[in-house]
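Below is one structure; the comments refer to it alone.
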Amino acid sequence: MKKYLIPLAIVSVVACNAPKPAPAIPTDPAVEAKVESVLAGMTLEEKAGQLVQLNISTLEDATHEAIDPLKLDLIIGQYKVGSILNVMHDAAHTREQTAAMVRQIQEKSMEAIGIPCIYGLDMIHGASYLVEGTLYPQEINIGATFKRDFARMMGHAMAYETRAA
């Protein structure tokens, strides 16, 4: 046991004394003050809710075509969930449905806590969450072709499809 603990302790001491790298994004005192002000005004429950990410299906109605207002009130209104991830599931949405759902989520989040909800898009296969979206192979398969242009073209196409939504 000692043969593992001593090297671990040495590595820990060296790591703690290592110089800290400069931040990738310089700090802005005005932004930091705003963040601290917002955090100071939040309850513990609101802070905990902001750490949670749920799948879009947790907010959908039985048809999977719209947001259920009761679920929205519970998840965003009461529990203050901070992130919704849109992933491919049983049925993709139209661009209009997606835009309407994001709008409802953001309006509820701003009303409930005054902070926009993070709305994530699972793009591992392209814009698979859209009815007319393009479905691509997994990135590892694109990488196996050793054609960087394929990955670049896929990225451009997904960015365009997402922006068009």
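The values are calculated or read from the model by the stated rules, or taken from the named source; none is laboratory data. Please read all numbers here as calculations on a predicted model, not as lab measurements. Counting neighbours? That spans all protein chains shown, and the Cβs are built from the backbone with ideal geometry, glycine included.
Observations
- Being in contact with a Phe, Trp or Tyr (Cβ under 6 Å, 6 or more places away or on another chain), surrounded by 13 or more Cβ atoms within 10 Å (Cβ to Cβ) and modelled with pLDDT of 95 or more holds for only one residue in GLY82, GLY126, GLY49, and it is GLY49.
- Here the range 92-108 is the region considered, the condition is being aliphatic (A, V, I, L, M) and surrounded by 13 or more Cβ atoms within 10 Å (Cβ to Cβ), and the residue that is nearest to TYR129 (Cα to Cα) is ALA92.
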